[in-house]
Amino acid sequence: MRAMKARLLRLYHQCTLERPWIAIALVVLVLGAAATQFRHFQLDASAESLVLEGDEAMHYYREIRARYGSDDFLIVTWTPSEELFADATLSRLKALRDDLLALPAVDSVLSILDVPLLDSPRVSFSEVQAGTRSLLDEDTDRDLAREEFRNSPLYANLLMNQAADTTALILFLERDEEAHALLSRREELRIRRARDALDEAEARELQQISERYRVVNAQLQEALAIVIADVRAVLDRHRDSVRIHLGGVPMIAVDMIEFVRGDIRSFGIGVALFIIILLAISFQRLRWVVVPSLICGGVVAGMVGFLGFMGWPVTVVSSNFISLVLILTLSLIVHLVVRQRELHVSAPDNSARELMRETLASKFKPSLFTALTTMVAFASMMFADIRPVMDFGLMMVCAVAFALMLTFVLFPALVVPWPVGPVPRARRDVTAWVSGGLSRLVRTHGSAVWLVFAVVTVVSILGVSRLTVENRFIDYFKPTTEIYQGMVLIDQELGGTTPLDVVLDATREFLEFEVADTAFNGEAGLPDDDFDYLDDLDYGYDDELSGPVGGYWFTSYQLETVDQIQSYLDSLPETGKILSLAVSMRVITMLNNDEPLDGFALAVMYDRLPGELRELLFDPYMSEDGHQIRFDIRVIDSDPNLARDALLAQIREDLIERFDLLPEQVNLTGMLVLYNNVMQSLVTSMYLTMFLVFAAMMVMFAALFRSWKMALVGPAPTLVAAVAVLGAMGLAGLPLDIMTMTIAAITIGIGVHDTIHYTHRFEQEIGAGRDYLEATEVTHLQVGRAMIYTSVIIIGGFSILMLSNFMPTIYFGVLTGVAMLFALLSNLTLLPLLLQRMKPFAA
């Protein structure tokens, strides 16, 4: 084994020190291959990229969307400076509607110009059968139309606000049939796989469909971006004297991708420039600017190509991926640079190869273990059950491994050919002053340091206990963004933004009875004899009835319950516009001269209703057999008191207790539910990842230093830093989100770099015969400076994230920067005190 290691080491030295062109050529070949995959690099902000792994709620959501229609629509708010119902204003609105409808990707447009008017003036059921009027018809009373849009149970706060100065156009987009078919089949196979094992053919089909859907979905996202751009181009042509906002889930998805793309671009460039400037100021040598920059650029290029090759998309969570890669790579390099310069001072006559050989020998082991511990920290995210967090963790594991390999290949190969140059001048810079001051603090005021960290830990634990996940989606965006402005307007004046569906099923007993009845009579519903008494009634209708007659919910008795549920949901302060079968029945009652309908009259009216009205009033809210109904709710996301999980629990509990529904009858779905599922899993996932990271750190420190005491000492400083920043979030009332939940793992994973380098040098000084106090001073002077350099780079790099338009990214950058500062202070104060107290190394 030793002979094998010796041969591998000789081969490594030959390729990097003796013939560095070999290592450089190999790296160029690898990066050239990676460059061919750049075109496959993808960004993804779809709902699928922000859900729990294997979330059954997602399957149910898609099932409901397939039955009642997609929520992939755009909302255009239109606020003219003139009177909304004036001829000239409506002409301009019609021109906008027609231009939007002319776009190939727009299937239909719903606006105040298109919907049927039933109370402007009031029409009867027989008149509706002959046809309906719309706003631009000559016989429409526009004053009455204004009141209908303001007060109608169907249109109020949907297409016009109460002030009658803002209207909405709803754009329904064309559905891609191939993508829909692939998604439906994939979900069917995934559900079957979760419940029963797939056979070999089905497993192969699932893999093929998943790969094909990934390709088609990427194409759809590109096409959707073009659609949004086309819509905005049309809107820009109609902005004269009109305030226009664009909203909707598709627009948010496209804009979030643009945020991610912009963040990747700005963060990458910003961090790169920051690194170059800091290296130039810190080391004042061209080589120490060029070499680290080339290595960092190579790691980023290689990882971008690797992600493209693997088909792993970058999401909102991983939008800081390039910044993290640059920061982590540079933290490895800086320790090598500082050690190289230190050796040059102590042995000025050594050649470049001798200096590099000693640098690599002394730094490979701690660098390897820092990389492994960081990889373990990121790998812990793969247990989070949140798809984007899991993907981010896997990406970073690969990135850290690649950064370690490329650093130890390129650093010697690029540095050795350079002339050794003059011996670095001994100068007392800020880093020496800070590290020396902290060393004196530990030596002279150790008890005070213990007390401060004890207080910080207790207060932080209290803060962590107050962490919540109740954050508003609208707060993810700056007030200057169109997403924020559009959501505020729609929330406050047009019925809310976030979709929530309450789906009520028939009882199991009813469905079992229907099955038995069908088997007995040959058709569904009640026996024909039960309807014999209706033969003597004359409704002027002799044809066979169709539709959901006999359905569980489509009866006079159940419709009363539906109406009561509608009133209850309307009373909730968090809900905005709600459409349902109850609203439809109020419209039907109005058409029947405000008289309620009995069961048979209801069936006749449903059957004779024009197709246009049936599609508007019934299809989105009731299944064809009448056994399932849907309440289409829009939640006011800008409500400062919105607590999603509490709201969902309250609705479910109240429906069961107040309306005598069975638990299995009540189902909640929609984007609000999917998002809430992710948010509620954050705390559990965060604690799980912290536990796994801490356990892995203990094992790594025990193995690296062959001391069980180091298993306790090593992880402590960065763990305290991670708990401190989470506690600060709790005390400040900042909720967790899908990005800030990763702070703890990232803080421990990166902060442990300094812990390992410090402890490794500390052990060497103890082995050289120094006592623990002397070892502390020397380690602070030598390794402490490198720790400060890397920490400044890391903190500055994360601070650049404040340039983002996405508020979680800003919070992530600021909080991680604060955590890394605390980790630095902890490693330079608490760590030496722990080492002095525990004495893990024999003198």
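The values are calculated or read from the model by the stated rules, or taken from the named source; none is laboratory data. Just so you know, these numbers come straight off a predicted model, no measurement behind them. Cβ atoms come from the backbone with ideal geometry, glycine included; neighbour counts cover every protein chain shown. Note: areas computed on protein heavy atoms with side chains; ligands, DNA, RNA excluded. Shrake-Rupley method; radii C 1.70, N 1.55, O 1.52, S 1.80 Å.
Taking first residues from the stretch 539-567 that are at pLDDT 90 or above and partners that are surrounded by fewer than 17 Cβ atoms within 10 Å (Cβ to Cβ) and in a loop (DSSP other than H, G, I, E, B), the Cβ contacts under 7 Å between residues at least 6 apart in sequence or on separate chains come to T561/F659; Q564/F659; I565/F659.
The lone criterion from (1) in contact (Cβ under 8 Å) with a residue 12 or more places away in the chain; (2) open to solvent by 20 Å² or more (accessible area, probe 1.4 Å); (3) not in a strand (DSSP E or B) left unmet by F172 is number (3).
Among the listed residues A253, A218, A225, identify the single one that is under 30 Å from G297 (Cα atoms) and open to solvent by 30 Å² or more (accessible area, probe 1.4 Å). Can you show your working first?
Working: A253 fails: open to solvent by 30 Å² or more (accessible area, probe 1.4 Å); A218 fails: open to solvent by 30 Å² or more (accessible area, probe 1.4 Å).
A225 is the lone residue from the list that is under 30 Å from G297 (Cα atoms) and open to solvent by 30 Å² or more (accessible area, probe 1.4 Å).
Of R440, R428, all but one fail to be basic (K, R), more than 18 Å from F822 (Cβ to Cβ), modelled with pLDDT of 85 or more and out of contact with any Gly (no Cβ under 6 Å at 6 or more places or on another chain); the exception is R440.
Among the residues that make up the stretch 140-159, is at least one of them open to solvent by less than 30 Å² (accessible area, probe 1.4 Å), farther than 24 Å from S81 by Cβ and out of contact with any Asp or Glu (no Cβ under 6 Å at 6 or more places or on another chain)? It would help to see each step written out before you state the result.
Going residue by residue through the stretch 140-159, those that are open to solvent by less than 30 Å² (accessible area, probe 1.4 Å) are 140, 145, 148-149, 152, 154-156, 158-159.
Cutting the leftovers down to farther than 24 Å from S81 by Cβ gives us 152, 154.
Then keep just the ones that are out of contact with any Asp or Glu (no Cβ under 6 Å at 6 or more places or on another chain); that gives 152, 154.
Within the stretch 140-159, one or more residues are open to solvent by less than 30 Å² (accessible area, probe 1.4 Å), farther than 24 Å from S81 by Cβ and out of contact with any Asp or Glu (no Cβ under 6 Å at 6 or more places or on another chain).
Select from the stretch 762-787 the residues that are in contact (Cβ under 8 Å) with a residue 24 or more places away in the chain and acidic (D, E) and write down the one among them that is nearest to L328 (Cα to Cα). If we take residues in the stretch 762-787 being in contact (Cβ under 8 Å) with a residue 24 or more places away in the chain and acidic (D, E), then E763 is nearest to L328 (Cα to Cα). Every condition in (1) touching a residue at least 24 places away in the same chain (Cβ under 8 Å); (2) over 21 Å from the mean Cα position of the chain (by Cα) holds for A711 except the one numbered (1).
Only one entry of E127, E82 meets the criterion of being at pLDDT 90 or above, farther than 24 Å from V249 by Cβ, of a type outside the set (G, A, S) and open to solvent by 10 Å² or more (accessible area, probe 1.4 Å), and that entry is E82. When V699 is tested against (1) hydrophobic (A, V, I, L, M, F, W, C); (2) without any contact (Cβ under 8 Å) to a residue 24 or more places away in the chain; (3) under 23 Å from T507 (Cβ atoms), just one condition goes unmet, and that condition is (3). Sub-9 Å Cβ pairs linking a first residue in the stretch 86-99 that is free of Cβ contacts under 8 Å to residues at least 60 places away in the same chain and open to solvent by 30 Å² or more (accessible area, probe 1.4 Å) to a second residue that is part of a loop (DSSP other than H, G, I, E, B) and small (G, A, S), at least 6 apart or interchain, are K94/S111, ordered by first then second residue.
Inspection of the stretch 614-622 identifies no residue that is surrounded by 19 or more Cβ atoms within 10 Å (Cβ to Cβ), of a type in the set (D, E, K, R), in contact (Cβ under 8 Å) with a residue 40 or more places away in the chain and within 22 Å of Y61 (Cβ to Cβ).
Meeting the requirement of 2 or more residues that are buried (at least 22 other Cβ atoms within 10 Å of the Cβ) and among the polar types (S, T, N, Q), the helices (runs of 4 or more DSSP H) wholly within the stretch 654-765 are 671-705. Within the stretch 187-206, the set of residues being without any contact (Cβ under 8 Å) to a residue 60 or more places away in the chain, among the small types (G, A, S) and either within 24 Å of Y60 (Cβ to Cβ) or crowded, with 16+ Cβ neighbours inside 10 Å (or both) comprises A197, A203. Of all residues in the stretch 132-153, none satisfies being closer than 30 Å to A201 by Cα and either among the basic types (K, R) or part of a helix (DSSP H, G or I) (or both).
Can you say whether T790 is β-branched (V, I, T), in contact with a Gly (Cβ under 7 Å, 6 or more places away or on another chain) and over 30 Å from D475 (Cβ atoms), as far as the supplied structure shows? Criteria not met by T790. How many residues does the stretch 91-111 hold that are in contact with a helix residue (DSSP H, G or I) (Cβ under 9 Å, 6 or more places away or on another chain) and in a helix (DSSP H, G or I)? Looking only at that region, the number is 3.
Does E222 satisfy the condition of being over 31 Å from the mean Cα position of the chain (by Cα) and free of Cβ contacts under 8 Å to residues at least 24 places away in the same chain? For E222, the condition - over 31 Å from the mean Cα position of the chain (by Cα) and free of Cβ contacts under 8 Å to residues at least 24 places away in the same chain - is not met.
Only one of the numbered conditions (1) among the β-branched types (V, I, T); (2) open to solvent by 10 Å² or more (accessible area, probe 1.4 Å); (3) at pLDDT 90 or above is not met by V415, and that is (2).
Can you tell me which residue among F841, F822 is among the hydrophobic types (A, V, I, L, M, F, W, C), part of a helix (DSSP H, G or I) and surrounded by fewer than 24 Cβ atoms within 10 Å (Cβ to Cβ)?
F822
Here is a list: F369, F378, F364. Which entry is within 22 Å of I800 (Cβ to Cβ) and assigned to a helix (DSSP H, G or I)? Steps first, answer last, please.
Numbers: F369 fails: within 22 Å of I800 (Cβ to Cβ); F364 fails: within 22 Å of I800 (Cβ to Cβ).
Result: F378 is the single residue among F369, F378, F364 that is within 22 Å of I800 (Cβ to Cβ) and assigned to a helix (DSSP H, G or I).
Taken as a whole, the condition of being surrounded by fewer than 23 Cβ atoms within 10 Å (Cβ to Cβ) and farther than 15 Å from V416 by Cα does not apply to F378.
Just to be sure, is I209 open to solvent by 30 Å² or more (accessible area, probe 1.4 Å), β-branched (V, I, T) and in a helix (DSSP H, G or I)?
Working: open to solvent by 30 Å² or more (accessible area, probe 1.4 Å): no; β-branched (V, I, T): yes; in a helix (DSSP H, G or I): yes.
Judged against the criteria, I209 is not a match.
Confirm whether I295 is open to solvent by 30 Å² or more (accessible area, probe 1.4 Å) and either modelled with pLDDT of 85 or more or part of a helix (DSSP H, G or I) (or both). First the steps, then the outcome.
Numbers: open to solvent by 30 Å² or more (accessible area, probe 1.4 Å): no; either modelled with pLDDT of 85 or more or part of a helix (DSSP H, G or I) (or both): yes.
Spelling it out, it is not the case that I295 is open to solvent by 30 Å² or more (accessible area, probe 1.4 Å) and either modelled with pLDDT of 85 or more or part of a helix (DSSP H, G or I) (or both).
Of everything in the stretch 305-322 that's open to solvent by 40 Å² or more (accessible area, probe 1.4 Å) and aromatic (F, W, Y), which residue is nearest to the chain's Cα centre (by Cα)? Per the stated criteria, the residue is W312.
One residue is enough: does the stretch 801-813 have a residue meeting the conditions over 29 Å from R261 (Cα atoms), open to solvent by 10 Å² or more (accessible area, probe 1.4 Å) and in a helix (DSSP H, G or I)? Scanning the stretch 801-813, I find no residue that is over 29 Å from R261 (Cα atoms), open to solvent by 10 Å² or more (accessible area, probe 1.4 Å) and in a helix (DSSP H, G or I), so the answer is no.
Quick one: in the stretch 480-498, of everything that is assigned to a helix (DSSP H, G or I) and hydrophobic (A, V, I, L, M, F, W, C), which residue is nearest to the chain's Cα centre (by Cα)?
Taking the stretch 480-498 first, the residues assigned to a helix (DSSP H, G or I) are 482-493.
Add one more test, that the residue is hydrophobic (A, V, I, L, M, F, W, C), and what stays is 483, 487-490.
On the way: I483: 16, M487: 18, V488: 21, L489: 24, I490: 23 Å.
Ranking the qualifying residues of the stretch 480-498, first place goes to I483.
Could you tell me whether any residue of the stretch 112-121 is within 25 Å of S70 (Cα to Cα), part of a loop (DSSP other than H, G, I, E, B) and open to solvent by 30 Å² or more (accessible area, probe 1.4 Å)? Yes.
Would the stretch 323-340 turn up any residue that is of a type in the set (D, E, K, R) and surrounded by fewer than 19 Cβ atoms within 10 Å (Cβ to Cβ)? No: zero hits.
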